[in-house]
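> Please find one structure pasted underneath; my questions will follow.
The values are calculated or read from the model by the stated rules, or taken from the named source; none is laboratory data. Note that this is a predicted model, so its numbers are computed, not measured. Neighbour counts are summed over all protein chains in view; Cβ atoms, including those assigned to glycine, are modelled from backbone coordinates with ideal geometry.
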Amino acid sequence: MKNVKTIALATALAATATMAAPTFAADRTDLRAGDYSWMQFNAMYAFDELPSDGDGSGHDYLEMEFGGRAGIVDLYGYVDVFNLTNSSSGDKTGGDSKMFMKFAPRFSIDAMTGWDLSAGPIQEVYFSTLFNWGGGAFNKDGSGDVNASFWGIGADVMVPWLGKTGMNLYAHYDMNGKEWNGYQFSMNWFKPFVNFDNGSFVSFQGYVDYQFGADDEYGNEFVPMTSSGGAAYFGLHWHSENYALGYGLKGYKDVYLLEDGAGIVGLETTGWAHYLTATYKF
């Protein structure tokens with residue numbers, strides 16, 4: 001069980017990202033041989049998260065994170081619930097959306113076809129999807145929740161020192177605007193690099209989500225848009241079998257393609273944020 005949890009945690013990242021499960025190439029005689037599932041709850045606090053109206057405050061939230069592998073399907077996802085105590089202070093108050101969900105199933109092309117697509121550092125190839133729902137972000141009309149979908153190709157890639165890294169290249173389809181708008185490259189990693197005698201360890205884990213090739217006329221006078229932007233998370237987390245504690249530094253550049261400081265709203269979308277995490281693993 002401990003080894004299964006370690007593998008699962010190697011791809012359980014907040015952002016973005018997608019699972020990098022045990023490769024199908026390791027056992028082609030049984031599609032379900034590498035099946036596993038996992039779930040954990042993360043109590044989190046974010047400082048200076050972007051986008052922001054500049055008040056510089058933070059917010060608490062609870063994250064239910066889950067994933068696993070079942071045959072051809074490699075799954076990662078999470079649900080965030082913001083401002084649990086409904087506090088009147090912070091940057092998630094009033095009419096702000098209470099919840100955000102990321103759902104990222106990938107479908108192994110190796111497993112579906114029986115072909116061995118591994119080559120060099122590439123271990124397994126996927127048809128990749130990603131869905132973002134909620135969160136109270138701005139849409140084309142300047143209000144409402146995100147309903148974004150991403151469709152593309154992915155792979156598990158062995159990267160020097162980092163090890164197995166999930167990489168995906170998507171085309172973005174905005175379900176609110178009913179149109180395709182640009183592309184996104186995503187990658188995630190998990191690298192244990194300090195091990196203790198009691199079995200606990202410290203990991204360097206994180207992800208990158210970068211959008212590009214988007215229509216920069218997609219916004220409006222309230223929230224102008226850019227053609228590229230994204231975010232990257234760099235975390236140091238201590239893990240035991242049932243618990244984890246972590247700190248993360250997250251960098252933003254015109255995140256969600258919102259132009260930094262522009263328009264009537266003048267949102268801050270470029271800068272740095274800090275995250276504290278306490279985890280219980282099921």
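> Do we find that GLY229 is touching a Leu at 6+ places or on another chain (Cβ under 7 Å) and farther than 16 Å from ALA43 by Cα in this structure?
Values: touching a Leu at 6+ places or on another chain (Cβ under 7 Å): yes; farther than 16 Å from ALA43 by Cα: yes.
When the stated conditions are applied, GLY229 passes them.
> May I ask you to verify whether GLY77 is touching a Lys or Arg at 6+ places or on another chain (Cβ under 9 Å) and modelled with pLDDT of 90 or more? If you could, list the steps in order and put the result at the bottom.
Numbers: touching a Lys or Arg at 6+ places or on another chain (Cβ under 9 Å): yes; modelled with pLDDT of 90 or more: yes.
Yes: the conditions hold for GLY77.
> Search the range 158-193 for residues being free of Cβ contacts under 8 Å to residues at least 24 places away in the same chain and not in a strand (DSSP E or B), and hand back the single one that is nearest to GLY248 (Cα to Cα).
Top of the filtered list is PRO160.
> Looking only at the range 194-206, filter to residues that are aromatic (Phe, Trp, Tyr) and assigned to a strand (DSSP E or B); which one of those is nearest to LEU258 (Cα to Cα)? Don't jump to the end; show me each part of the working.
First, pick out the residues of the range 194-206 that are aromatic (Phe, Trp, Tyr): 196, 201, 204.
Within this subset, residues satisfying the condition of being assigned to a strand (DSSP E or B) are 201, 204.
On the way: PHE201: 38, PHE204: 29 Å.
Among them, the one singled out is PHE204.
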